[in-house]
Amino acid sequence: MLDHGRDVYGTQYSPLFAEALDRKTMQLLDGDALQQVAALPFDKWGIRPHDRMLGGANPQHCQNLYQILYALSTLTGEPRYAEAADQSLQFFFTHCQNPATGLLWWGEHAGWDFRTEQRIEKAAGTTHEFYRPWVLWERSWQLAPEPCRRFALGLWEHQIGNQQTGDYSRHAAIDKHGPGTDAPYVRHGGFYIETWATAYEKTGTKSSSRRSTRCSAAWNAPGSKKAACLSPARRRRADAPPTTCRWLSRWARPRTRYRRNWP
């Protein structure tokens, strides 16, 4: 990946890592190969066809690659692996952030196109939705503190549909203000609380702490319907909201679980 998986396309080369390569050419997929891979069914890849970033990068999809690179530097003592990960993350946070909202072109649906130097044009390509927990916040803040701060603020301002109650949707628009309250999946509340708790730890801004508390409290509200977003076995159970709130509250504490002494 260090030799062949970087962005050497378009008008601006970058240290970003490609999400998919043609193993015959070790370049981005193109032509018939691109069409064949794009047509693969979900059970052959594990990612839905319209969520694949075949023309560029998405650090949330490739988060394990970054962790491997950091681990390799720790194990081998060779800094080049961690340096490559740092360069990629720093570029992404400083160049792939929407100026209107502060949200990043990453997650379940969005990505960054190597050839056009902008978002990947695809179905749902302007939708912000976390793909998984971002366990690299500590490193990201070291590399790009201001973009991280802007993202934490944008996540509150443009993802949370009701800032009085903390109600939200896991979907929001990246390129404009477009929050909702119709799909408050529980794990996404944890992702948001993690983001704001880290922002509070790094900046001391009390509003970040209040955002975590309000989002968590929304799950504990009397008569909350958010339990319907849990697994079918737990839907509409009376004990779901407080149970969920206790789970979410763990994310509001300063996080140390994923920290490593990487170079």
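The values are calculated or read from the model by the stated rules, or taken from the named source; none is laboratory data. These numbers were taken from a predicted model, which means no experiment stands behind them. Here Cβ is always computed from backbone atoms with ideal geometry, including for glycine, and neighbour counts include all displayed protein chains.
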- Task: Return only the number of the condition from (1) at pLDDT 70 or above; (2) on the phi < 0 side of the Ramachandran plot; (3) crowded, with 16+ Cβ neighbours inside 10 Å; (4) of a type in the set (Gly, Ala, Ser) that GLY166 does not satisfy.
- Result: (2)
- Task: Could you name every one of the helices (runs of 4 or more DSSP H) located completely within region 1-91 that has at least 3 residues being modelled with pLDDT of 95 or more and surrounded by fewer than 16 Cβ atoms within 10 Å (Cβ to Cβ)?
- Result: 63-76
- Query: Name the residues in region 127-153 that are in a helix (DSSP H, G or I) and under 18 Å from GLY111 (Cβ atoms), would you?
  - Reply: SER140, PRO147, PHE151
- Close pairs from region 5-32: first closer than 19 Å to SER88 by Cα, partner outside any strand (DSSP E or B) and of a type in the set (Lys, Arg), Cβ under 7 Å, at least 6 apart: TYR9/ARG115; GLY10/ARG115
- Does PRO99 fit the bill of being surrounded by fewer than 19 Cβ atoms within 10 Å (Cβ to Cβ), touching a Leu at 6+ places or on another chain (Cβ under 8 Å) and not aliphatic (A, V, I, L, M)? no
- Task: Take region 181-211 and flag every residue that is small (Gly, Ala, Ser) and modelled with pLDDT of 90 or more.
- Result: GLY189, GLY190, ALA197, ALA199
- Task: Return the only residue of TRP112, TRP105 being over 20 Å from HIS188 (Cβ atoms), in contact with a Lys or Arg (Cβ under 8 Å, 6 or more places away or on another chain), crowded, with 20+ Cβ neighbours inside 10 Å and in contact (Cβ under 8 Å) with a residue 24 or more places away in the chain.
- Result: TRP112
- Would you pick out the residues in region 163-178 that are assigned to a loop (DSSP other than H, G, I, E, B), closer than 12 Å to GLY102 by Cβ and touching a helix residue (DSSP H, G or I) at 6+ places or on another chain (Cβ under 6 Å)? HIS177
- Query: Quick one: how many residues across region 92-128 are touching a His at 6+ places or on another chain (Cβ under 7 Å) and basic (Lys, Arg)?
  - Reply: 1
- Any idea how many residues of region 172-187 are surrounded by fewer than 20 Cβ atoms within 10 Å (Cβ to Cβ) and closer than 14 Å to HIS109 by Cβ? 4
